[in-house]
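Have a look at the structure below before the remarks.
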Amino acid sequence: MIKKITCTTCPMGCDMLLEHEDGKILSLTGNRCARGKAYAENEFFHPARVLTTVLYVKACDSMLPVRSDRPIPKDRLFECLRAVKGIRVVPPVHRGDILYAGIAGDANIIASADM
Amino acid sequence: MGTDVLVVGGGPAGMAAALSAAQSGAGSVLIVERNERLGGILNQCIHNGFGLTLFGKELTGPEYAGRYADQIGQAEIPCLFNTTVVSMTGNKEVLIRNTDGERQIEAGAVILATGCRERPRGAISIPGSRPAGVYSAGTVQKLINCCGYMPGKRAVILGSGDIGLIMARRLTLEGAHVEAVCEIMPYSSGLKRNIVQCLEDYDIPLYLSHTVTRIFGRERVEGVEISGVDEHLAPVEGTQRFIECDTLLLSVGLIPENELAGYAGIVMDAKTGGPLVNDRLETSVPGIFACGNSLHVHDLADFASLEAVEAGKNAAAYVKAGGEACQEFECRAGNGIGSVVPQRMSAKALAEGATAYIRVGRPFENASIVIKRGDRVIRTVRSPRLTPGEMVKTVVRDSGDGDLTFEVDSHD
Ligand SMILES: Cc1cc2nc3c(=O)[nH]c(=O)nc-3n(C[C@H](O)[C@H](O)[C@H](O)COP(=O)(O)OP(=O)(O)OC[C@H]3O[C@@H](n4cnc5c(N)ncnc54)[C@H](O)[C@@H]3O)c2cc1C
Ligand code: SF4
């Protein structure tokens, strides 16, 4: 099977074609440099994204931006999002404070701003 | 009341400019910000992707802004919040307004860092009624991220610039369904990484060479008609398709915010929508500088801040030593070039090496940006891929004579 992967490591944005079978990579074309290969392998085996969202803070009647402190496996983003939405934030909160420890493994949800 | 350097706007550009002016020896620096806090547009950009260049980390907008705001606090630079600069003269008499009323401030130098605004809805004309549910993308960003309000459940986004792409992902994560992103051009002006991480990750279709040709619904949007367009961007009969939705987001571009420049009689550049500046980022009025999105729209906040550092330095130098008369040459946007900033460069700057920010007018593959003085080529920047969405930064060094022309040389 062929999977289309766009390398986002640098502004070149190479369009790569990754040929795979039974979870193994058979070939990769389209990358202009070795960083593209590393990116494609990571995207194929462990695609992960930083999760960002906002939480309503009742005490301040305003929204607090939050994020995961490291990428979360892509297929668990929505599940994590549901857990994050359940966080009750009690101010004061400072940028970088951990609001939820150990989400999707060893990622934490941290505050993006002071409140 | 007076100040050495007055910075209008406390976004990433204004904060960087103020810090740099203070560090470069300006006696007093003042930031005037119409919102209640520092950070500018970054406060509503809660996604990550900021700071890679400056902090070597992927930060969210509020984190990036927070780091700068901390430095402003440490440097004890005064800020006037909830205060708007309403007008300004060429003599740098700045009129500010807040709940205490109006006041005039005499500034030694002024730095414009007022950011940009979204093109209004009137900038595009879509036939049909004007029901509720049509928003600009930035408004929706603010509604969701700052007010916690979801404007709808099923959305179509017109325009594939970065804000449109970012909002496609935000809407999806917050529980809405994004039916489609339509882009009238045959290419997206957004960063490739945003196309991947905001659309492809969530299987949101991107229709290139498509536009919204009708809005349906009386009180609330009930759907839109999209159509393919030809090479002249005109809708093609027979390609119409109906998409059911309750919300239409318009992400049709940004324009520098520049009312103030008009009051001071500053000469503008129709191509960038911002003031015309020289290599010191000084406008046509001596002692008034511009940086960040109010000078030209930046793709990255980091670049807006970096540019602002220069503006701050130069404003401080202006206050200390006064203006500097020097022969200047014009930077002309030639074939294939969308815009060049600065629009003028001094002989001295050119001899030392001056930075130019270039945008191409359309995408090119395997092309070069060629900088010439007359027939003499002084610099060639080769690139396998040039797009209007990504600004090219290059240093021009030459001790010759004559105006500069920037052109695209496409090898195909
Ligand atoms: C939706 C969106 C997504 C983005 N995504 C990214 C990204 O992923 N990564 C990235 O690096 N960059 C991103 N950017 C770009 C980045 O946000 C901008 O380049 C940057 O914010 C520009 O900074 P600025 O200081 O020039 O303008 P702004 O941040 O707009 O600040 C201007 C400030 O001036 C104030 N002001 C204006 N007029 C007056 C007046 N008359 N008196 C007083 N105050 C005034 C405003 O209130 C505002 O605070 C994004 C931008 C948007 C809109
Ligand atoms: S493959 Fe190399 S050149 Fe291509 S986008 Fe990735 S890092 Fe850039």
Exercise for review: Could you size up the charge dipole of the stretch B:120-252 around its Cα centre, putting +1 on the beta carbon of Lys and Arg and -1 on that of Asp and Glu, and report it in debye to the nearest 20?
Suggested key: 460 debye
Check your understanding: What shape does the stretch B:120-252 have by the C-alpha gyration tensor, where a ≥ b ≥ c are the square roots of the eigenvalues, rounded means a/c under 1.5, and otherwise prolate means a/b greater than b/c and oblate the rest?
Key -> oblate
Exercise for review: For an R0 of 35 angstrom, estimate the FRET efficiency from the Cβ-Cβ distance between B:V86 and B:T355 and round to the nearest 0.05.
Suggested key: 0.60
Review point. Given B:K57/B:K153; B:K271/B:K320; A:K74/B:K192, which pairs have Cα atoms separated by over 23 Å?
Key: B:K57/B:K153; B:K271/B:K320
Exercise for review: Please find the FRET efficiency linking B:K348 to A:E41, where r is the Cβ-Cβ separation and R0 is fixed at 45 Å, and quote it to the nearest 0.05.
Suggested key: 0.35
Exercise for review: Count the DSSP beta bridges whose two residues both fall in the stretch B:120-252, then state the antiparallel fraction as a percent rounded to the nearest 5.
Suggested key: 40 percent
Check your understanding: Using the per-residue mean of other Cβ atoms lying within 10 Å as a proxy for protection, in what order, highest first, do the peptides B:8-21, B:74-87 fall?
Key -> B:8-21, B:74-87
Review point. Nearest-5 percent of antiparallel DSSP beta bridges in the stretch B:328-412?
Key: 90 percent
**Study point:** Over the stretch B:1-142, relative contact order from alpha-carbon pairs under 8 Å, at least 6 apart, %
**Key:** 29 percent
Exercise for review: Compare B:I126, B:I288, B:I144 in a GNM of chain B, Cα atoms joined below 10 Å, and give the one with the largest fluctuation.
Suggested key: B:I126
Exercise for review: First select every other residue whose beta carbon is under 14 angstrom from the beta carbon of A:R32; then total the charges, Lys and Arg +1, Asp and Glu -1.
Suggested key: +3
Check your understanding: Which peptide among B:388-400, B:305-317, A:24-36, A:59-71 comes first, and what is the full order, when sorted by highest mean count of other Cβ atoms within 10 Å?
Key -> B:305-317, A:59-71, B:388-400, A:24-36
Revision key, fill the gap. If one builds a Gaussian network model of chain B from Cα atoms under 10 Å apart, the most fluctuating residue listed among B:L30, B:L248, B:L143 is B:L143
Practice item. Can you pull the one-decimal nm distance between simple spin-label points at B:R214 and B:C147, each 7 Å off the Cα toward Cβ? Key: 3.0 nm
Practice item. Report, as an integer, the average count of C-beta atoms from other chains found within 10 Å of each Cβ along A:52-58. Key: 5
Study note, to complete from the structure: Residue-ordered couplings for the stretch B:372-380, obtained by feeding phi - 60° into the Karplus form 6.51 cos²θ - 1.76 cosθ + 1.60 and rounding to whole Hz (Gly and Pro as x), are 10, 10, x, 9, 8, 7, 9, 7, 10
Review point. Which percent, to the nearest 5, of DSSP beta bridges fully inside the protein assembly as shown are antiparallel?
Key: 70 percent
Exercise for review: Just need the relative contact order of the stretch B:328-412 here, percent rounded to a whole number, with Cα pairs under 8 Å and 6+ apart.
Suggested key: 39 percent
Check your understanding: How crowded by other chains is B:45-53, given as the mean number of beta carbons from other chains within 10 Å of each beta carbon?
Key -> 3
Point to revise | Furthest towards positive pole of dipole, B:V277, B:G40, B:F406, structure part the protein assembly as shown, Cβ charges | key: B:G40
Revision key, fill the gap. Taking a crude spin-label model, label points 7 Å out from Cα along the C-beta direction, the B:D403 to B:T239 distance in nm is 3.8 nm
Exercise for review: Once you've got the GNM for chain B with C-alpha springs shorter than 10 Å, pick whichever of B:G164, B:G101, B:G138 has the biggest mean-square fluctuation.
Suggested key: B:G101
Study note, to complete from the structure: Given unit charges at Cβ for Lys, Arg (+) and Asp, Glu (-), the dipole magnitude of chain A about its Cα centre in debye, nearest 20, is 160 debye
Review point. Between A:K3 and A:C33, how many nm apart are label points set 7 Å from Cα along the C-beta direction?
Key: 2.4 nm
Revision key, fill the gap. With the dipole of chain B defined by +1 on each Lys or Arg Cβ and -1 on each Asp or Glu Cβ, the option from B:G322, B:I266, B:G73 whose Cα lies farthest towards the positive pole is B:G73
Exercise for review: With only Lys, Arg, Asp and Glu charged, each at its Cβ (+1 for the first two, -1 for the last two), find how big the charge dipole of the stretch B:328-412 is about the Cα centre; round to the nearest 20 debye.
Suggested key: 180 debye
Exercise for review: Give the long-range amide H neighbours of B:R385: residues separated by 5 or more places, or on another chain, with amide H under 5 Å away, using H modelled in the peptide plane at 1.01 Å from N.
Suggested key: B:N366, B:A367
Point to revise | Per-pair calculated FRET efficiency, R0 = 25 Å: B:D230 and B:N335 via Cβ, rounded to 0.05 | key: 0.55
Check your understanding: From the residues A:P71, B:G336, A:A101, which one has its Cα farthest along the dipole of the protein assembly as shown in the positive direction, the dipole being from +1 and -1 charges on Cβ of Lys/Arg and Asp/Glu about the Cα centre?
Key -> A:A101
Practice item. Please list A:8-18, B:36-46 highest first by mean number of surrounding beta-carbon atoms within 10 Å per residue. Key: B:36-46, A:8-18
Practice item. Take peptide B:59-66, look around each residue's Cβ out to 10 angstrom, count Cβ atoms belonging to other protein chains, and average those counts. Key: 6
Point to revise | Mean separation of Cα contacts under 8 Å (6+ apart) over length of the stretch B:189-329, as relative contact order % | key: 12 percent
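Any read-out appearing in this document is the output of simple, stated calculations on the displayed coordinates, not a laboratory observation. Because the structure is predicted, anything quoted here is derived from the model rather than measured. Cβ: placed from backbone, ideal geometry, glycine included. Neighbour counts: every protein chain shown.
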